[in-house]
Amino acid sequence: MAKIETPRPVRGTQDMLGGTPEAFAERFAHVVATFDRVRRLYGFQRVEVPVFEQTAVFARSLGESTDVVSKEMYTFTDRGGDSITLRPEFTAGISRAYITEGWQQYAPLKVATHGPLFRYERPQKGRFRQFHQLDAEIIGAAEPGADVELLVMADQLLKELGISEGVTLTLNTLGDAESREAWRAALVAHFMGHRDQLSEESVDRLARNPLRILDSKDPRDRPVADSAPDIDAYLTDEARGFFEKVTAGLDAAGVAWERNPRLVRGLDYYRHTAFEFVTDRLGAQGTVLGGGRYDGLIENLGGPSTPAVGWAAGIERLAMLVEVLEIEATELVMLPDSDEDVHAAIFIQSVLRRAGLRCDMAFSGSSKKRYDKAKRSSAYRGLTISSADTEAFAVIRLRDLKAGAPPVRKRLRTALDSAFSWTENAETREFTLVRKF
RNA sequence: GCGAUCGUAGCUCAGUCGGUUAGAGCGCUGGUUUGUGGUACCAGAGGUCGUGGGUUCGGAUCCCAUCGGUCGCCCCA
């Protein structure tokens, strides 16, 4: 018979198993749970949007011809002939829903979501083809207070995850449309003047995406990039005022921030505030949480001119930074003394579990093997279950397996009450159980 | 799309100037120890050395190709 070949996992996808020493699945869940708790503190409503959309949703919002759209999306034609794309981000889908579901009536809308996203990229540390993000958006608020609120929430989230140490909020303004155009023109002029000193890649960027030269990693570009003009001189009074209100709000909330005049965005719809929480603990992927104001996006999608601001954070990246969590250990492992006691053990275990105790029992094995297995596991205690000489249901006894296990005897007594009348021998500490019903 | 690096048991790895039957620890399976208890003892299963080709009397080991993982570049919504 031909050997069946197991299909390999798709490149850039991950499988996460809980209960392992790395506890990655637990850390992942912890990040999500913390986000869900914090977003409620700020009054962000949970929103659910589809995992796939018509390709146009992302193509229009991102700009038809960018690399991202042409090369880095999971796009396919479905059976009905429609072009469908797996969401590479949350913002476009939420914006589409804002328009098509009439959510304008709730503006300003504060929403949060999380889930899987898909990008056709080469995987590396902290980058996957299916990955997961937390997302928060405020739609329909033009005030800098919205930017502040999102940043304060992000700051609290990172603090509550215990990873704010070594993570810095870096902040910039891209100005309003007028400021941005003036700055862009000045940058192009500056880079044209030093064209011969730029890397080949940056010469290419000059035509495609000149702002991106500013945050180039190539050391050859740094002198020219560092001497390029900041946006400050090109800001309109309005744009400057907006940015000042954002930074003043952060100061008022006690959120630490750093100005990074080299922080830019690849897409044209960004206005005013752009920010990233960065760290050096994730290899080449420094950004842990990033976002900004995208006042032009909803209009790009055919909606009314609507101001909006939001951020997203990679759950895997956050999970890599949080401490390894203590895995919730089994409290009681059933240890039937012989095969005849297995059914009694099954019943007792079901009673204890209904009462909220974390119990487990091996599927097979002699009492010795069961004991060995329990001893090697992380379980706190064993519960031996043996037949009684009398007509009693069973005799049970607690056995410590780990030093420093949290007390359980009191809860055990209460749990037993629900199904047994029992006596506890003060000397041997054995419980003799008699079924109530 | 480009580059570097790594692929040996379920896991972590040893073995590689070419030479008997490819090893260890952990895990797994079975057994022994008549037991308030041991991180015991014994045995066993499990490998096309990623895949294909080449050089050679002989390849896990050298060469080429290919696939896959990891990390980086590009890109970063």
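The values are calculated or read from the model by the stated rules, or taken from the named source; none is laboratory data. Just so it is clear, the structure is predicted and the values come from calculations on it, not from any experiment. No Cβ is skipped: glycine too gets one built from the backbone with ideal geometry, and neighbour counts run over all protein chains shown. All accessible areas refer to the heavy atoms of the entire protein, side chains included, with ligands and DNA or RNA removed. Shrake-Rupley method; radii C 1.70, N 1.55, O 1.52, S 1.80 Å.
A quarter of the convex hull surface defined by the alpha-carbon atoms of chain A gives 31.5 nm² as the mean projection. What shape does the range A:132-241 have by the C-alpha gyration tensor, where a ≥ b ≥ c are the square roots of the eigenvalues, rounded means a/c under 1.5, and otherwise prolate means a/b greater than b/c and oblate the rest? Taking the square roots of the gyration eigenvalues as a ≥ b ≥ c, the range A:132-241 is oblate. One chain, two ends: residue A:204 and residue A:284. Fully extended at 0.36 nm per residue, the span grows by 26.6 nm beyond their Cα-Cα distance. Averaged over its residues, the range A:332-435 has an accessible area of 58 Å² per residue, based on protein heavy atoms and a 1.4 Å probe.
Over chain A, what is the mean sequence separation of C-alpha contacts under 8 Å (at least six apart), divided by residue count, expressed as relative contact order in percent?
Values: 742 pairs, mean separation 64.1, N = 437.
For chain A, the relative contact order is 15 percent.
Given C-alpha coordinates of the range A:332-435, what is the ratio Rg to Rh with the Kirkwood estimate of Rh? Please list the in-between numbers first.
Values: Rg = 12.6 Å, Rh = 13.7 Å.
Across the range A:332-435, the Cα-based Rg/Rh ratio is 0.93.
Taking the longest Cα principal axis of chain A as reference, the axis of helix A:367-376 is set at about 30 degrees. To test your reading of the geometry: what angle, between 0 and 90 degrees and rounded to tens, separates the Cα axis of helix A:144-160 from the longest principal axis of chain A? With both axes taken from Cα atoms, the answer is about 40 degrees. Modelled spin-label separation between residue A:244 and residue A:122, with each label point placed 7 Å from Cα along the Cα-to-Cβ direction: 4.6 nm. When the Cα positions of A:86, A:252, A:213 are compared along the charge dipole of chain A, A:86 comes out farthest toward the positive end, with charges on each C-beta of Lys, Arg, Asp and Glu. Charged side chains reduced to their Cβ positions (Lys and Arg at +1, Asp and Glu at -1) give chain A a dipole of some 1580 debye around its Cα centre.
Placing a label point 7 Å from the Cα of residue A:222 along the Cα-to-Cβ direction, the residues of the range A:189-212 whose backbone N falls under 17 Å from that point are A:197-200, A:202. In summary, the convex hull built on the alpha carbon positions of the range A:44-179 has an orientation-averaged projected area of 10.6 nm². Each Lys and Arg adds +1 at its Cβ and each Asp and Glu adds -1 at its Cβ; summed about the Cα centre, the range A:158-281 shows a dipole of about 180 debye. Between residue A:272 and A:174, A:175, A:176, the built amide H atoms are under 5 Å apart, and every one of these is 5 or more places off in sequence or on another chain. The simple Förster model, with R0 at 22 Å and r as the Cβ-Cβ distance, assigns residue A:258 and residue A:143 a FRET efficiency of 0.40. What does a probe at residue A:195 reach in the range A:206-231, counting residues whose amide N is under 17 Å from the point 7 Å along Cα→Cβ? Output list for this probe position: A:206-211, A:213, A:224-225.
Couplings 3J(HN,Hα) of the range A:40-57, computed from phi: 5, 4, 9, x, 8, 7, 5, 10, 10, 10, x, 6, 10, 9, 4, 3, 4, 4 Hz, in residue order, whole Hz [Karplus 6.51 cos²θ - 1.76 cosθ + 1.60, θ = phi - 60°; x for Gly and Pro]. Around the Cα centre of the range A:332-435, unit charges on the Cβ atoms of Lys, Arg, Asp and Glu (plus for the first two, minus for the last two) sum to a dipole of about 700 debye.
Summarising the amide proton neighbourhood of residue A:133: residues at separation of 5 or more, or on other chains, whose placed amide H is nearer than 5 Å comprise A:115, A:117, A:315. Using θ = phi - 60° in the Karplus curve 6.51 cos²θ - 1.76 cosθ + 1.60, the 3J(HN,Hα) couplings for the range A:68-83 round to 4, 6, 6, 10, 10, 10, 8, 10, 8, 9, 7, 5, x, x, 8, 7 Hz; x is entered for Gly and Pro.
Model label points for residue A:45 and residue A:418, set 7 angstrom from Cα along the Cα-to-Cβ axis, are 3.8 nm apart.
Dipole orientation for the range A:67-152: of the candidates A:151, A:114, A:75, A:75 has the Cα lying most toward the positive pole (charges on Cβ; Lys, Arg +1; Asp, Glu -1).
With a Cα cut-off of under 25 Å and a minimum spacing of 8 residues unless on different chains, the lysine pairs in chain A number 14. Computed from phi, the 3J(HN,Hα) profile of the range A:420-437 under the Karplus parametrisation 6.51, -1.76, 1.60 (θ = phi - 60°) reads 10, 9, 9, 10, 10, 6, 4, 8, 7, 6, 7, 9, 9, 9, 10, 5, 7, 10 Hz, with x in place of Gly and Pro.
Mind checking the full-extension length gain between residue A:375 and residue A:233? Use 0.36 nm per residue of separation minus the Cα-Cα distance, one decimal, nm.
Numbers: separation 142, 0.36 × 142 = 51.12 nm, distance 6.90 nm.
That works out to 44.2 nm of additional length.
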